[in-house]
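The numbers here are math on the coordinates, done by the rules we state, and not lab data. The shown structure was predicted, so the numbers you read here are calculated from the model rather than taken from an experiment. Please note: Cβ atoms are built from the backbone with ideal geometry, for glycine as well, and neighbour counts cover all protein chains shown.
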Amino acid sequence: MAFFDSSRSRFTLDDTGGVERDLSAYITDISGLPGTRTLEDITSLGDAGRKFIPSSEEAEISISGVFDNTRNVGPDVTLGTLRTHHSAVDFGYAPHGTASGSVKYSGKCWVETYEVSSSVGRLVQFTAKLKVNGKVSRGSY
């Protein structure tokens, strides 16, 4: 069994102009991929046990990290402007980096929430929730 250090993880998100932005240097936590799928209950009165059929998939990506307002590339300009954007954008997540053969989760998403927080004695932080639009694809580099 292989174990991986998260220092190689990469997360990219297109900005409002369709330019891919690598937010990995700012992110300290990411979760939610590849997501869940709904299982519809089709159990009837005569069944001895529960029965299900798969339905739609649903994924919500949660990210948090260190705030940076660097013009054109930082998480604030990317996530802040996407919060009010009118179309879903591409994302890519590589849990073990982007070397040939590495797993990549990708799709389109909306920025549902983006929040910045400050606490005494701590770095300014951000959190964001991204809703996947459609299905998450699993591929490789």
Sort 84-91, 10-17 for me by packing, meaning the mean count of neighbouring Cβ atoms within 10 Å per residue, highest on top. 10-17, 84-91
Would you work out if the stretch 82-141 is rounded, prolate or oblate? Take a ≥ b ≥ c from the square roots of the eigenvalues of the alpha-carbon gyration tensor; rounded if a/c is under 1.5, else prolate when a/b is larger than b/c, oblate otherwise. oblate
Options (1) 18.0; (2) 15.4; (3) 16.6 for Kirkwood radius over Cα pairs in Å; the value derived from the coordinates is listed as (3)
Which of 124, 77, 61, positive extreme of dipole for the chain (C-beta unit charges): 61
Give me the distance between the Cα centres of the stretch 34-50 and the stretch 55-76, rounded to whole Å. 33
Length gained when the stretch residue 60-residue 102 is fully extended (0.36 nm per residue, less Cα-Cα span): 12.9 nm
How big is the dipole moment of the stretch 58-109 about its Cα centre under a simple scheme where the beta carbon of each Lys and Arg is +1, that of each Asp and Glu is -1, and everything else is neutral? Debye, nearest 20, please. 120
Spelling out what I want: for every residue of the stretch 38-44, take phi, set θ = phi - 60°, compute 6.51 cos²θ - 1.76 cosθ + 1.60 (Karplus), and round to whole Hz; glycine and proline get x. 7, 10, 7, 6, 10, 5, 10
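Normalising by the residue count of the stretch 51-107, find the relative contact order in percent from Cα pairs under 8 Å and 6+ residues apart.
Value for the stretch 51-107: 17 percent.
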Determine the gain in length on full extension of the stretch residue 113-residue 7; use 0.36 nm per residue of separation and subtract their C-alpha separation, reporting nm with one decimal. 35.6 nm
Mind listing the phi-derived Karplus ³J(HN,Hα) values for the stretch 20-30, rounded to whole Hz, using 6.51, -1.76 and 1.60 with θ = phi - 60°, and x for any glycine or proline? 5, 10, 8, 9, 4, 5, 9, 7, 10, 8, 9
For the chain: relative contact order, % (alpha-carbon pairs under 8 angstrom, 6 or more apart): 26
Given the stretch 4-141, what count of lysine pairs have C-alpha atoms under 25 Å apart, with each pair 8 or more places apart or on different chains? 7
What relative contact order, as a whole-number percentage, does the stretch 1-55 give when Cα pairs under 8 Å and 6 or more residues apart are counted? 20
